[in-house]
Amino acid sequence: MFSFISIDENSRIPKYQQIVNEIIANISNGNLTIDQKIPSINKFSEEFYLSRDTVEKAYNILKERNIISSIKGKGYYITRTKLISKVNILFLINKLSSYKLRIYNSFIDNIGANSHTDLHIYHCDESLFLNLIAKNKSAYDYYVIMPHFITEQLTHISYTDEVLKSLKKIPKEKLVILDNLKEGMEGGAVEIFQDFENDIYNALNEAYPKIKKYENLMLFYPRKTVYPYPKRILHGFRKFCVEHDIKFEILEEVYEDIIIKKGDLFVTIEESDLVNLVKQIREDEFILGEEVGVISYNDTPLKELLGITVISTDFKVMGETAAKMIVEKKKGQFKVPFNFIDRKSL
């Protein structure tokens, strides 16, 4: 194998990365094949007068990418020849919701065949997120990340100090941030974001000609939950209500046997709240869209089927744009469209 490997002493590319590149190149051109044994770390370091740590780092990267594997007492072997030439992408999302899956599926549909994407869910948990980044910081060509975290007080935060530190260790040209724009982040990364405060504010303004027929506006905003929502949603909602002098109330959930009055308009975020609310409206025999109204946050096929009016990010565009910016090697920021979709519940 050593006859195929070349390490350039004068190159600016780190030597561990040269080892990775050389092994991948030789797999691609057929010099190395599946199940072929490769030299030990010690033998490799001796052959090229490299430190053991340098070779070990390269082998660890190849192991993380499942290109080689180690068998105790036997050595290292080539384990993957497919996808070597492809772009490898780590896709990190905070929860496995229908919205996040729509982004991911749209991304996969548009990224093309010359890529391999690994999906991981970190459940808004900072420690799990940091571990995933630390474990995979050198293993991928791109890192697509949705930053949403839960505090000790069970509230939402987009970034923590530790998260920012970990992101700074990823080369900016490899980083794609979805959902949350971070002011002051150094240039070079791709940022495809929602503007939570202004999105809901502008969408409700668009819906105002229909909203104004209602007397009371209520938002069901879960303040403490496993997967919290940005407080900027609250700010935009309050701003709209105050500017239009609308009586409003913010509740944490749709309580059992909630009192519903004619002239009430409800805005729901959680799917469970929407289900419970519509059930209660039907039990109380109100006419939805005439006597009471419902607007739901973020669209789904089921809401479309049921005729529920929504204010929603275009998740398909978010995933599609992330893929296209990677494929076309573009950088910069992109504000995702947020739409008011009028249906019969308003």
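The values are calculated or read from the model by the stated rules, or taken from the named source; none is laboratory data. Keep in mind that what you see is a predicted model, and the values were worked out from it rather than measured. In this analysis, Cβ positions are derived from the backbone assuming ideal geometry, glycine residues included, and neighbour counts consider all displayed protein chains. SASA here: full protein model, heavy atoms, side chains in, ligands and nucleic acids out. Shrake-Rupley method; radii C 1.70, N 1.55, O 1.52, S 1.80 Å.
Looking at segment 117-141, which of its residues are open to solvent by less than 50 Å² (accessible area, probe 1.4 Å) and outside any loop (DSSP other than H, G, I, E, B)? Listed by number, the residues that qualify are Thr117, Asp118, Ile121, Phe129, Leu130, Leu132, Ile133, Asn136. For Glu206, the conditions (1) open to solvent by less than 80 Å² (accessible area, probe 1.4 Å); (2) touching a residue at least 60 places away in the same chain (Cβ under 8 Å) are fulfilled apart from (1). Scanning segment 109-139 for residues that are out of contact with any Lys or Arg (no Cβ under 7 Å at 6 or more places or on another chain), in contact (Cβ under 8 Å) with a residue 40 or more places away in the chain and within 16 Å of Val327 (Cβ to Cβ) yields a total of 3. Being buried (at least 21 other Cβ atoms within 10 Å of the Cβ) and in contact (Cβ under 8 Å) with a residue 40 or more places away in the chain is a property that does not hold for Leu288.
Residues are listed down the side, and each one gets a yes or a no for (1) farther than 17 Å from Val336 by Cα; (2) of a type in the set (Ser, Thr, Tyr):
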{"residue": "Tyr159", "(1), (2)": "yes, yes"}
{"residue": "Leu167", "(1), (2)": "yes, no"}
{"residue": "Phe196", "(1), (2)": "no, no"}
{"residue": "Lys213", "(1), (2)": "yes, no"}
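Scan Glu249, Glu256 and give me the residue that is open to solvent by 10 Å² or more (accessible area, probe 1.4 Å), modelled with pLDDT of 95 or more and farther than 23 Å from Leu96 by Cα. Testing whether each residue is open to solvent by 10 Å² or more (accessible area, probe 1.4 Å), modelled with pLDDT of 95 or more and farther than 23 Å from Leu96 by Cα leaves just Glu249. Scanning segment 302-330 for residues that are among the β-branched types (Val, Ile, Thr) and assigned to a strand (DSSP E or B) returns Thr309, Val310, Ile311, Thr313.
The condition of being under 16 Å from Ile7 (Cα atoms) and of a type in the set (A, V, I, L, M) holds for Ile41. For the residues Val317, Val278, Val294, the requirement of being hydrophobic (A, V, I, L, M, F, W, C), more than 30 Å from Leu178 (Cα to Cα) and in contact with a helix residue (DSSP H, G or I) (Cβ under 8 Å, 6 or more places away or on another chain) singles out Val278. Among the conditions (1) in contact (Cβ under 8 Å) with a residue 12 or more places away in the chain; (2) aliphatic (A, V, I, L, M); (3) open to solvent by 20 Å² or more (accessible area, probe 1.4 Å), Ile71 misses just one, which is (1).
Summed over segment 289-346, the residues that are more than 16 Å from Ser106 (Cβ to Cβ), within 22 Å of the chain's Cα centre (by Cα) and of a type in the set (Val, Ile, Thr) give a count of 2.
Whenever a residue of segment 26-49 is modelled with pLDDT under 85, its partners that are of a type in the set (S, T, N, Q) and open to solvent by 80 Å² or more (accessible area, probe 1.4 Å), lying with C-beta atoms within less than 8 angstrom and at least six residues away or across chains, give the pairs Ser28/Ser85. Screening the candidates Tyr229, Tyr221 for the property of being out of contact with any Cys (no Cβ under 8 Å at 6 or more places or on another chain), open to solvent by less than 60 Å² (accessible area, probe 1.4 Å) and modelled with pLDDT of 95 or more yields one hit, Tyr221. Selection of segment 259-285 for residues being open to solvent by 100 Å² or more (accessible area, probe 1.4 Å) and in contact (Cβ under 8 Å) with a residue 12 or more places away in the chain yields Lys261, Lys262. Per the conditions (1) open to solvent by 10 Å² or more (accessible area, probe 1.4 Å); (2) assigned to a helix (DSSP H, G or I), the sole criterion not satisfied by Phe240 is (1). Here Leu101 fulfils each of the conditions (1) in a helix (DSSP H, G or I); (2) outside the structural domain of Asn180 (by the TED database) apart from (2).
Taken residue by residue, segment 258-273 has at least one member that is within 14 Å of Phe220 (Cβ to Cβ), in a helix (DSSP H, G or I) and out of contact with any Phe, Trp or Tyr (no Cβ under 6 Å at 6 or more places or on another chain).
Taken as a whole, the condition of being within 28 Å of Ala323 (Cβ to Cβ), outside the structural domain of Ala134 (by the TED database) and among the basic types (Lys, Arg) applies to Arg65.
Here Val144 does not fit the description of being in a helix (DSSP H, G or I), surrounded by 14 or more Cβ atoms within 10 Å (Cβ to Cβ) and either modelled with pLDDT of 90 or more or out of contact with any helix residue (DSSP H, G or I) (no Cβ under 7 Å at 6 or more places or on another chain) (or both).
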